[in-house]
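Structure, as structure tokens:
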Amino acid sequence: MTSPPPAGAPRSRRGRTLSLVAPMHNEAAGLDALFARIDMALSGLGVALEIVCVDDGSRDETLARLRDRAAADPRVKVIALTRNFGKEAALSAGLDAATGDMVVPIDADLQDPPELIAEFLALWEQGYDVVYGVRSDRTSDTALKRTTAGLFYRVFNLLSDYPIPASTGDFRLMDRAVVEAVKALPERNRFMKGLFAWVGFRQAGVPYARPPREAGETSWGYVKLWRFAVDGLTAFTTLPLRVWTGVGVVTALLAVAGGVGLIVRVLVAGRDVPGYASLMVVLLFGFALQLIALGVLGEYIGRMYHEVKGRPLYLVRERLGFDR
Ligand code: UDP
Ligand code: MG
């Protein structure tokens with residue numbers, strides 16, 4: 001989805017600030033490695049650095065470690081949420097708090113290599129507003145995860161009016177203008193990849209091999225991933241709702257044709273009482289279709305209810321390092 005080289009004056013990184021936004025849920029084991037890699041990869045880039053760490057209700061030492069970091073390192077800012085709100089909400093909290101001219105959401109487990117940010121930055125200087133990482137090599141994921149993820153992107157892009165480039169995550173560099181656009185979106189359901197695609201701007205992709213998790217373990221089971229996928233789909237397409245009109249029309253036409261056929265057969269061949277099996281099949285099939293349609297309605301209505309309540313996306317218990 002790389003758009004053609006943008007027109008206009010190239011930008012300069014000089015005097016600019018880059019914000020890293022790292023959502024963290026039980027990441028204490030990998031924190032030292034994370035900060036070491038960030039220092040190594042980014043200290044020579046010629047931009048000022050801000051590291052916004054969002055503790056998403058960790059139950060390990062994450063917050064305590066972050067407190068020490070923030071006390072020792074003026075670049076580190078910490079937002080502690082009141083409980084585990086989920087990655088999308090944690091990311092929103094970080095984006096809301098980041099002050100840099102460019103913002104890079106980054107996983108805390110070093111699956112998003114900080115070294116790639118140098119390339120992101122170079123493309124930003126050429127005038128791209130969004131430079132995203134493309135996972136060209138996902139061998140670190142299990143075969144099942146790769147297959148289901150691939151299937152999700154295919155289905156999503158088939159149904160959604162705003163395609164997301166396959167195998168992208170939240171790891172990307174965004175210009176301040178893009179961040180403001182994303183922040184201004186009022187919806188509660190934050191399917192970030194979808195929102196990032198929806199806002200548009202000039203976008204470019206950079207391929208990278210996604211390494212395995214450095215330490216700790218993934219917080220995403222398959223149930224959570226399924227819910228994430230349904231969240232994403234319902235937020236960006238209403239086709240599952242609308243398709244029932246078509247299904248209904250086709251079923252009705254079939255029913256009319258079948259009815260006419262039956263009448264003709266009775267007229268020609270006389271009455272035919274047996275038919276229990278076919279009757280049951282049609283009945284059960286029709287019944288199942290209706291239940292599916294109702295279920296789809298439920299998915300959307302539930303989400304509308306969620307939006308209408310208008311609860312905040314996240315609650316902050318503690319903010320560290322913002323007043324210096
Ligand atoms: N994460 C979070 N809240 C959650 C789950 C995950 O902030 O409820 C963070 C996690 O700490 C990590 C990032 O989101 O920095 C990606 O999570 P993870 O590595 O578990 O996902 P995977 O890479 O397996 O998709
Ligand atoms: Mg990970």
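The values are calculated or read from the model by the stated rules, or taken from the named source; none is laboratory data. This one's a predicted model, so the numbers in the text were calculated from it and none came from an experiment. Positions of Cβ are generated from backbone atoms using ideal geometry, with glycine treated the same way; all protein chains shown enter the neighbour counts.
Yes/no per residue for (1) small (Gly, Ala, Ser); (2) buried (at least 16 other Cβ atoms within 10 Å of the Cβ); (3) under 20 Å from ALA197 (Cα atoms):
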| residue | (1), (2), (3) |
| --- | --- |
| LYS87 | no, yes, yes |
| THR99 | no, no, no |
| VAL104 | no, yes, yes |
| ILE117 | no, yes, yes |
| LEU121 | no, yes, yes |
| ASP129 | no, yes, yes |
| ASP141 | no, yes, no |
| ALA149 | yes, yes, yes |
| VAL155 | no, no, yes |
Please specify each residue of the stretch 203-236 satisfying the condition of being outside any helix (DSSP H, G or I), at pLDDT 80 or above and of a type in the set (D, E, K, R). ARG210
Among the residues of the stretch 59-66, is any hydroxyl-bearing (Ser, Thr, Tyr) and touching a helix residue (DSSP H, G or I) at 6+ places or on another chain (Cβ under 7 Å)? yes
Working carefully through the options VAL256, VAL268, VAL247, find the one that is modelled with pLDDT of 85 or more and either of a type in the set (Val, Ile, Thr) or surrounded by 10 or more Cβ atoms within 10 Å (Cβ to Cβ) (or both). VAL268
Consider only pairs whose beta carbons are under 8 Å apart and that are at least six residues apart or on different chains; among these, list those whose first residue lies in the stretch 207-233 and is closer than 16 Å to ALA90 by Cβ and among the small types (Gly, Ala, Ser) and whose second residue is within 16 Å of ligand 2 (Cβ to nearest atom) and in a loop (DSSP other than H, G, I, E, B). GLY216/ASN26; GLY216/GLU27; GLY216/ASP109; SER219/HIS25; SER219/ASN26
Going by what's in this entry, would GLY127 be described as more than 16 Å from ligand 2 (Cβ to nearest atom), in contact with a strand residue (DSSP E or B) (Cβ under 9 Å, 6 or more places away or on another chain) and assigned to a loop (DSSP other than H, G, I, E, B)? no
Residue under evaluation LEU173, criteria (1) away from ligand 1 (no atom under 16 Å from the Cβ); (2) touching a residue at least 60 places away in the same chain (Cβ under 8 Å); (3) part of a helix (DSSP H, G or I), criterion not met: (3)
I'm trying to understand the selection: among the residues of the stretch 81-125, which are more than 10 Å from ligand 1 (Cβ to nearest atom) and among the polar types (S, T, N, Q)? THR82, SER92, THR99
Single residue of ARG154, ARG176, ARG190 found to be among the basic types (Lys, Arg), under 11 Å from the mean Cα position of the chain (by Cα) and either modelled with pLDDT of 90 or more or away from ligand 2 (no atom under 16 Å from the Cβ) (or both): ARG190
When you check ARG303 against the structure, is it within 29 Å of VAL182 (Cβ to Cβ), in contact (Cβ under 8 Å) with a residue 24 or more places away in the chain and not in a helix (DSSP H, G or I), yes or no? no
Test PRO186 against the stated conditions and say whether it is touching a residue at least 24 places away in the same chain (Cβ under 8 Å), assigned to a loop (DSSP other than H, G, I, E, B) and closer than 30 Å to GLU299 by Cα. no
Selection status of ARG37, more than 23 Å from the chain's Cα centre (by Cα), over 14 Å from LEU320 (Cα atoms), of a type in the set (D, E, K, R) and within 16 Å of ligand 2 (Cβ to nearest atom): yes
What are the pairs with Cβ atoms under 8 angstrom where one residue, in the stretch 261-287, is in a helix (DSSP H, G or I) and the other, located anywhere, is exposed (fewer than 10 other Cβ atoms within 10 Å of the Cβ) and of a type in the set (D, E, K, R)? Sequence gap at least six, or different chains. ARG265/ASP272; VAL266/ASP272
So is ALA70 surrounded by 21 or more Cβ atoms within 10 Å (Cβ to Cβ) and among the small types (Gly, Ala, Ser) or not? no
